[in-house]
Amino acid sequence: MIALFLATALYVGNNACARCHADIFKTYRDTPMARSSGIISGGLTPGAFQHAASAVSYRIDRSGSVQITTNRQSAEKKLAYFIGSGSAGQSYLWSRNGFLFQAPVTWYAQQGRWDVSPGYEADRVSRWSRPIAFDCLNCHSSQVRLAAGFSNRYAEPPFAQPGVGCERCHGPGSEHVEGRGKMVNPAKLDATRRDSVCAQCHMSGEARETRARKRFEDYRPGALLTDYAAYFVYDGAPALKATSYVEKLAASRCKIASGARMWCGTCHDPHRVPPPAERVSWYRTACLGCHQTAECKRGNDCVSCHMPKGHVEGGGHGVLTDHSIPRIPSHMAAESRDLWKLRPFSPADAGSRELGLAYAEVAARTGDVRQVQEALRLLPDAGQDAQVELRLADLYQRTGNPQRAAVLYRSVLQKDPGSEAALVNLGNLYAAANDFDNAILLWREAIRREPCQPEAARNLQTAYRARKQDRELTDLLANQADCVIE
């Protein structure tokens, strides 16, 4: 019955749930998940700071207006949406004709101050060009409204409901509110399906690869997440990331000893957050489900010793809880820096196609030759698989086989004309062969589909200057003025 309702039901939103579940509705709306995104309508904490690396100054007011001052000019941006509950911090999005980008300013609630967003620390300019992909909004909001054929263009507003709605964990509700079916209760599912509900947003791994002919966004509670995607982690201690709770917990002695009995719901009630006065006893009660009071000589606060907070990889000034539950107080699991081998997170994730894609994805970030070689060894012949073709094309381009790479990029664009990576990289290959007419056509299309695409913009500027196409260069520079403020 679950599969039937998942296939036919539509989303109805939290207000429909409130009619019968008023108490849960009231407590849930105050949780971090329910407050994880929204439209900015005032109420921001005013502040100002100067970014040390760029010497750019920022001043933010309550309405979300950002005044930017560089050595050369002043400018103003308007923040449109926020991402993050504000418990650890909050980042912001700005909209350009429906295209969404991350702002370089973040409110770090734990420190009570504004500073540059994670990933912007080394910038020498004020960069407003980082596109907001579907995955980001999908885990912070409900029913994302992405425009077909684009990677970061959305309807206004970009979500039907801010925050993570009830149906993210319980499935679409139209059949239920009409009295024709039950909602999914994660706690009553088998362990793998139950854990899939949390893992869809609280697991990152080093790589997540979509299954052939599947879309990650089609996953619904009650299904197996591994039917839609495979996850891969380094063969060693996982790093602490903003979305690494599942793999960190899986590495803990508590989870290994408890097996399927332990899950996120062992310690967390997703419908409410315990008030500060109750938190020590709340989590202690969960620990005492397995442990004895005589095991600890340090007091009643289990979490402060065994779940320390640490700086998040790529998370700026934010600190989050380490779910590896180290036995020795205040000793977080150390990550080896010589890791390169990947392994499936679970046996269901195994498969040479997905593992090859994972090696290719990670190699694109690290440049590790060993990972490139593993990807080439594992990836099958591309055939009709655009996902594999795109990764192989990048690998061939990196390893000095531009002819083979160009063939694969052209094949990808036949299947997916909006692939920005294929548009930009095939354009680069055309330019290397002195075919600038075709290169410019591809780079223009990349800019049309993502107006702040940095590599296409740089390449077009170089090409226009070399060809003395002054009018085209002027138009391009005007187009890019919103993306980077120098």
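The values are calculated or read from the model by the stated rules, or taken from the named source; none is laboratory data. These figures come from a predicted structure and were not determined experimentally. Note that each Cβ is placed from the backbone with ideal geometry, even for glycine, and that neighbours are counted across all protein chains shown.
Of the helices (runs of 4 or more DSSP H) that lie entirely inside region 366-429, those containing 1 or more residues that are over 15 Å from GLY356 (Cα atoms) span 386-398, 402-415. Selection of region 430-481 for residues being touching a residue at least 60 places away in the same chain (Cβ under 8 Å) and assigned to a helix (DSSP H, G or I) yields ARG449, PRO454.
Within region 135-164, being assigned to a loop (DSSP other than H, G, I, E, B) and of a type outside the set (A, V, I, L, M) holds for CYS139, HIS140, GLY149, PHE150, SER151, ASN152, GLY163. Being touching a Gly at 6+ places or on another chain (Cβ under 7 Å), at pLDDT below 95 and surrounded by 15 or more Cβ atoms within 10 Å (Cβ to Cβ) is not true of GLU167.
Flag not set for SER196, criterion: polar (S, T, N, Q), in contact (Cβ under 8 Å) with a residue 12 or more places away in the chain, crowded, with 21+ Cβ neighbours inside 10 Å and touching an Asp or Glu at 6+ places or on another chain (Cβ under 8 Å).
For the list (1) touching a helix residue (DSSP H, G or I) at 6+ places or on another chain (Cβ under 8 Å); (2) surrounded by 15 or more Cβ atoms within 10 Å (Cβ to Cβ), I need the number of the one condition that ASP470 fails. So ASP470 meets the others, but not (2).
Sort out which residues of region 258-309 are surrounded by 11 or more Cβ atoms within 10 Å (Cβ to Cβ) and among the acidic types (Asp, Glu), and write them in order of number. ASP269, GLU278, ASP301 - these are the residues of region 258-309 that are surrounded by 11 or more Cβ atoms within 10 Å (Cβ to Cβ) and among the acidic types (Asp, Glu). Please go through region 407-429 and give me each residue that is surrounded by fewer than 20 Cβ atoms within 10 Å (Cβ to Cβ) and not polar (S, T, N, Q), ordered by number. Scanning region 407-429 gives VAL407, ARG410, LEU413, LYS415, ASP416, PRO417, GLY418, ALA421.
Given the condition farther than 30 Å from ALA360 by Cβ and either of a type in the set (Phe, Trp, Tyr) or under 17 Å from the mean Cα position of the chain (by Cα) (or both), answer yes or no: does some residue in region 242-265 qualify? Within region 242-265, one or more residues are farther than 30 Å from ALA360 by Cβ and either of a type in the set (Phe, Trp, Tyr) or under 17 Å from the mean Cα position of the chain (by Cα) (or both).
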